Amino acid sequence: MRIGIDLGGTKIEVIALDNKGVERYRQRTPTPAHDYHAILDAIQTLVTNTEHYCGTQGSVGVGIPGMISPATGLVKNANTTCLIGHPLQQDLGELLRRPVRVSNDANCFTVSEASDGAGQDADVVFGVIVGTGTGGGIAVHKQVISGVNAISGEWGHNPLPWPRADELPGPRCYCGKHACIETFLSGPGFSRDHQLHQGHGDTPIAILTRAQQGDVIAEASLQRYEDRMARALATIINVLDPEVIVLGGGMSNIQRLYDNVPQRWGQYVFSDQVATQLRPPVHGDSSGVRGAAWLWPVNASD
């Protein structure tokens, strides 16, 4: 049995898969986002509950909103900032009394969708997380490319390309810089921008609902968001030229993005035509946690 943990900014989810990839158990709990040790305890409880229900012990893979530094073994670049600087993989291994594999949550999402999801027919897939933060992952022939610095696909901490005058200097990001793509395209970034333009409704779903009801301010906020996503993804297409881009995270549930963003990105991509497809995830919110479980093969000796 393989156990996957998706450690998100707002929730921690566990899934158990049997050797055929069939789901046997799933549970979610809120993330104690400002307390590192409480996060460790929450993960231990989820694993204990899973193994009690399934009646067997499993391997454990964890997807996190950051990555483990190859240089130090400590978490870096996590938008759940209480994780930064901690030996999460080591601490979880000691707590659970077994080896634990930890990877970036966007990498987990991408390998899941590239394997048997929205990108299964593509050689090159770029997976996007637009939720509490903004991350990305690259899969080539269904294998994740991590990179020598373990930051491959981290498009969210590049500056928003082709900025407008009113987008500068840009919001300050937790990473210390201004105008990172994350500060515009994450769920909180979208809400912040809407409020700056005298909008009502502080959640993305509330803004979307208002736009559907004819609220012109909400509609303008969505159009700004779509153009910013088009600009940001155009830089990915210019460099990587993927066949498929898959959206994940809470903002991926806005269905109009899949039509409107590709209609806009052509003016920014350095090509006379753009064959890249923007697709929703087949496995939805489950992709990250499924990918975490797949950090271990069926046979742990493989």
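In order along region 99-107, the Karplus-derived 3J(HN,Hα) couplings, from 6.51 cos²θ - 1.76 cosθ + 1.60 at θ = phi - 60°, round to x, 10, 9, 10, 9, 4, 5, 5, 5 Hz, and Gly and Pro are given as x. Take the Cβ atoms of V282 and Q212, set R0 to 30 Å, and the FRET efficiency comes out at 0.75. Dimensions of region 97-172 based on its C-alpha atoms, expressed as ranges along the principal axes with the largest first, amount to 48, 37, 24 Å.
Under 5 Å between amide hydrogens, built in the peptide plane, is the criterion, and for V102 it picks out V62 among residues at least 5 positions away or on other chains.
Over the Cα atoms of region 182-239, the radius of gyration divided by the Kirkwood radius equals 1.03; this is the Rg/Rh ratio.
Per residue, the chain reaches -11000 deg cm²/dmol at 222 nm when only DSSP H runs of four or more residues are counted, each adding -39500 (n - 2.57).
Between the beta carbons of R256 and R97, assuming R0 = 51 Å, the FRET efficiency works out to 0.60 to the nearest 0.05. The HN-Hα couplings worked out from phi for region 247-255 by the Karplus form 6.51 cos²θ - 1.76 cosθ + 1.60 (θ = phi - 60°) are 8, x, x, x, 5, 5, 7, 7, 5 Hz, whole numbers, x standing for Gly and Pro. Summarising the strand pairing of region 118-279, around 60 percent of its internal DSSP beta bridges are antiparallel. The residue list G291, H52, N149 was ranked by how far each Cα lies along the charge dipole of the chain toward its positive end, using unit charges on Cβ atoms, and H52 comes out on top. Legend: ranking of residues F190, F126, F109, F270 from fewest to most surrounding C-beta atoms inside 10 Å; resulting order F270, F190, F126, F109. Counting only DSSP beta bridges whose two residues both lie in the chain, roughly 60 percent are antiparallel. Using the Karplus curve 6.51 cos²θ - 1.76 cosθ + 1.60 with θ = phi - 60°, what ³J(HN,Hα) values do you get for each residue of region 197-210, in whole Hz, with x for Gly and Pro? Couplings: 9, 6, x, 10, x, 8, 10, x, 5, 5, 5, 4, 4, 5 Hz. Over region 118-279, the pair-distance histogram of Cα-Cα distances with 10 Å bins from zero comes to 11, 40, 36, 12, 1 percent, rounded to whole numbers.
Once semi-axes √(5λ) of the Cα gyration tensor in Å is calculated for the structure shown, the corresponding label among (1) 33, 28, 17; (2) 29, 24, 20; (3) 32, 21, 18 turns out to be (3). If R0 is 35 Å, the Cβ-Cβ spacing of I151 and Q44 corresponds to a FRET efficiency of close to 0.80. Note on Y53 and R172: the extension gain reaches 38.4 nm, defined as 0.36 nm multiplied by sequence separation minus the Cα-Cα distance.
Any read-out appearing in this document is the output of simple, stated calculations on the displayed coordinates, not a laboratory observation. In this text the structure is predicted, and so the values were computed from the model without any measurement. Cβ atoms come from the backbone with ideal geometry, glycine included; neighbour counts cover every protein chain shown.
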